[in-house]
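Peer 1: Quick one: structure below, then a few questions.
The values are calculated or read from the model by the stated rules, or taken from the named source; none is laboratory data. Predicted model only: the values in this text are computed from it and were never measured. Cβ placement follows ideal geometry from the backbone for every residue including glycine, while neighbour counts extend to all protein chains displayed. For accessibility, only protein heavy atoms count, side chains too; no ligands or nucleic acids. Shrake-Rupley method; radii C 1.70, N 1.55, O 1.52, S 1.80 Å.
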Amino acid sequence: MIQKLYIHNFRCLENFELHLKDMPSALLIGKNGAGKSTVGIALKVFQSIGRGKNRVSDLVQTKDFARGRDDVPIRFEIEVLINKKLYQYSLALELQKNFEELSILEEQLIVSGEPIYSRQKASVTLHNNKFMVDWHLIALPIIQKRSEADPLHIFETWLARMIILAPNPSLMTGESNGETLEPKQDGTNFGEWFSGLLVRYPAAYMDIDKSLRKVMPDLRDFQNEVIGKYLKNMSVQFQENQAEMRVSFEDLSDGEKCFFLCAVVLAANKSYGPLFCFWDEPDSFLSLSEIGHFVTSLRRSFETGGQILATSHNSEAIQKFSNENTLVFYRKNHLEPTLVKRLNDIPLKGNLLDTLICGDLEL
């Protein structure tokens with residue numbers, strides 16, 4: 001579970017802190033351009049590092065400096081509680097004079113107060129041993145892990161399995177030519193994720209089925225059919241009375257695909273979690289009558305383990321969160337950094353939704 005996220009000089013986030021301790025679920029709200037999705041972009045930097053991306057230019061560009069202020073380092077820090085141990089990872093990136101690509105200024109991992117490794121530019125210190133790493137490469141994916149119990153392996157795996165979603169259902173298919181437990185942000189490898197989950201955790205099928213039947217009562221079954229030597233394709237069967245219909249996953253509506261995506265998120269968290277999930281506007285593509293159940297299902301599932309952070313502009317979704325776990329993002333204009341406060345720390349005049357509709361909510 002993420003305890004704290006700190007971001008500095010990255011896009012609209014300057015000296016930005018997001019406190020999520022003791023929040024299994026939280027909601028980010030605010031006007032467009034306030035920085036909600038930018039938090040997801042910063043989290044994707046951490047996720048990409050966990051998945052093996054180590055070249056700085058593949059993660060951050062010079063255009064990402066806040067207001068073009070490239071004389072100040074970009075800094076990312078995350079504190080995560082894993083198996084009751086606090087993992088603190090920090091990364092600072094700088095643009096050296098006469099260079100077009102950012103490089104490492106500092107990098108460090110501390111676990112329960114004990115330094116695992118630290119770095120200053122190209123020099124890395126690990127277990128009192130020093131070695132050099134190209135200053136354009138992040139050290140975490142490069143350092144050899146001694147075992148699955150190695151804190152480096154545990155943390156890297158946790159980062160890799162973060163779920164960051166801003167799905168594009170029209171591009172989602174049920175085809176898979178392999179298996180993975182690392183879904184893409186836009187959901188375009190959903191078939192591979194579904195296959196990977198069922199191959200490694202077959203019991204997840206029942207969890208997915210149970211979740212889907214709550215929103216699709218005419219669902220009979222879904223199958224991952226083999227259609228080639230290595231290729232599989234999902235199909236879904238519906239039944240009402242004596243009538244039956246089987247369709248390919250890709251022929252479902254955008255909202256129905258989101259139902260499947262939600263069910264797999266919940267099953268994944270139960271099967272190989274606890275996981276962290278950031279979902280940018282999970283209420284998109286849903287009807288008003290579906291949003292409440294959808295958001296409530298996500299929140300309830302993560303109450304027993306893991307953590308979900310969502311964004312929304314939808315009043316139905318906002319009402320499913322309390323003032324204690326709703327975080328308000330605010331910017332007066334594009335030249336000022338993002339501010340954030342818990343909703344219960346902001347004095348409201350009248351009804352919250354009326355205030356949001358009128359755009360009168362300010363920090």
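Peer 1: Roll a 1.4 angstrom probe over the protein heavy atoms and tell me the percent of accessible area of the chain that is carbon or sulfur.
Peer 2: Heavy-atom surface of the chain belonging to carbon and sulfur, 1.4 Å probe: 47 percent.
Peer 1: Once the convex hull of the C-alpha atoms of segment 86-207 is built, how many Å³ does it hold per residue, rounded to a whole number?
Peer 2: On the way: hull volume 20.6 nm³, N = 122.
So the per-residue hull volume is 169 Å³.
Peer 1: For SER118 and SER147, calculate 0.36 nm times their separation in residues minus their Cα-Cα distance, and state this gained length in nm to one decimal.
Peer 2: Working: separation 29, 0.36 × 29 = 10.44 nm, distance 1.98 nm.
Difference between extended and current length: 8.5 nm.
Peer 1: Let me ask you something else. Taking the Cα centre of segment 85-218 as origin and charging only Cβ (+1 Lys, Arg; -1 Asp, Glu), how large is the dipole, in debye to the nearest 20?
Peer 2: The calculation lands at about 380 debye.
Peer 1: Once the Cα atoms of helix 288-303 and of the chain are each reduced to a long axis, what angle between those two axes, in degrees from 0 to 90 to the nearest 10, is obtained?
Peer 2: Around 60 degrees separate the two axes.
Peer 1: Work through the residues other than HIS8 whose Cβ is under 14 Å from its Cβ and net out their charges, Lys, Arg +1 and Asp, Glu -1.
Peer 2: -3
Peer 1: Still on this structure: Suppose a student asked you for the relative contact order of the chain, using Cα pairs under 8 Å spaced at least 6 residues apart; what percent would you report?
Peer 2: Numbers: 708 pairs, mean separation 66.9, N = 363.
Relative contact order for the chain comes out at 18 percent.
Peer 1: When each pair of different Cα atoms in the chain is counted once in the 1/r mean, what is the Kirkwood radius in angstroms, to one decimal? Provide the component values of the computation, followed by the final result.
Peer 2: Working: mean 1/r = 0.0456 Å⁻¹.
By the Kirkwood definition, the hydrodynamic radius is 21.9 Å.
Peer 1: Provide the per residue accessible area, probe 1.4 Å, for the chain, rounded to a whole number of square angstrom. Working shown, then result.
Peer 2: On the way: 17200 Å² over 363 residues.
Normalised by residue count, the accessible surface of the chain is 47 Å².
Peer 1: Expressed in nm to one decimal, what extension gain is obtained for the pair ARG213 and LEU81 from 0.36 nm per residue of sequence separation less their Cα-Cα distance?
Peer 2: The span from ARG213 to LEU81 would gain 44.2 nm if fully extended.
Peer 1: Where Lys and Arg each count +1 and Asp and Glu each count -1, what net charge lies around HIS334 among other residues with Cβ under 11 Å from its Cβ?
Peer 2: Working: positive: ARG11, ARG67, ARG331, LYS332; negative: GLU336.
Summing Lys and Arg as +1 and Asp and Glu as -1 gives +3.
Peer 1: Right, another one. Between ASN98 and GLU182, take the C-beta separation as r, use R0 = 30 Å, and let me know the FRET efficiency to the nearest 0.05.
Peer 2: The calculated FRET efficiency here is 0.20.
Peer 1: While we're looking at this one, here's another question. Taking 0.36 nm per intervening residue step and subtracting the Cα-Cα distance, what contour gain separates SER248 from LYS332 on full extension? Present the calculation step by step, with values, prior to reporting the outcome.
Peer 2: On the way: separation 84, 0.36 × 84 = 30.24 nm, distance 4.68 nm.
Using 0.36 nm per residue and subtracting the Cα-Cα distance, I get 25.6 nm.
Peer 1: Holding the Cα-Cα limit at 23 Å, pick out from LYS44/LYS214; LYS21/LYS341; LYS97/LYS121; LYS63/LYS121 the pairs that are longer than that. Please list the in-between numbers first.
Peer 2: On the way: LYS44/LYS214 31 Å; LYS21/LYS341 14 Å; LYS97/LYS121 15 Å; LYS63/LYS121 21 Å.
Table pairs above 23 Å Cα-Cα are LYS44/LYS214.
Peer 1: Let me ask something else about it. Relative to the longest principal axis of the C-alpha atoms of the chain, give the angle of the C-alpha long axis of helix 190-200, reported between 0 and 90° and rounded to the nearest 10°.
Peer 2: With rounding to tens, the tilt is 90 degrees.
Peer 1: Could you tell me what % of all Cα pairs in segment 1-154 have separations over 20 Å?
Peer 2: Counting pairs separated by more than 20 Å, the tail of P(r) holds 50 percent.
Peer 1: Separate question: Straight-line reach from LYS229: which aspartates and glutamates have a Cα under 20 Å away, not including same-chain ones fewer than 8 places off?
Peer 2: GLU175, GLU179, GLU192
Peer 1: Return an integer: the convex hull volume of the alpha-carbon atoms of segment 195-255, in Å³ per residue.
Peer 2: 104 Å³
Peer 1: Along the charge dipole of the chain, which of VAL72, TYR272, VAL56 sits closest to the positive end, that is, farthest toward it, with unit charges on the beta carbon of Lys, Arg, Asp and Glu (+1, +1, -1, -1)?
Peer 2: Sorting the options by dipole projection puts first VAL72.
Peer 1: Follow-up question, since we're still on this one. In debye to the nearest 20, how big a dipole does the chain give about its Cα centre with +1 on each Lys and Arg Cβ and -1 on each Asp and Glu Cβ?
Peer 2: Value, rounded to 20: 800 debye.
Peer 1: For segment 58-100, count the residues as N, evaluate 2.2 N^0.38 Å, and divide the Cα radius of gyration by that value, please.
Peer 2: Compared with the compact-globule rule of thumb, segment 58-100 sits at 1.53.
Peer 1: For the residue pair ALA203 and LYS31, what label-to-label distance in nm results when each label sits 7 Å from Cα along the Cα-to-beta-carbon direction?
Peer 2: 5.0 nm
Peer 1: Now for a different question. Grab the beta carbon distance between ARG220 and GLU17, set R0 = 45 Å, and tell me the FRET efficiency rounded to 0.05.
Peer 2: For ARG220 and GLU17, the calculated efficiency is 0.40.
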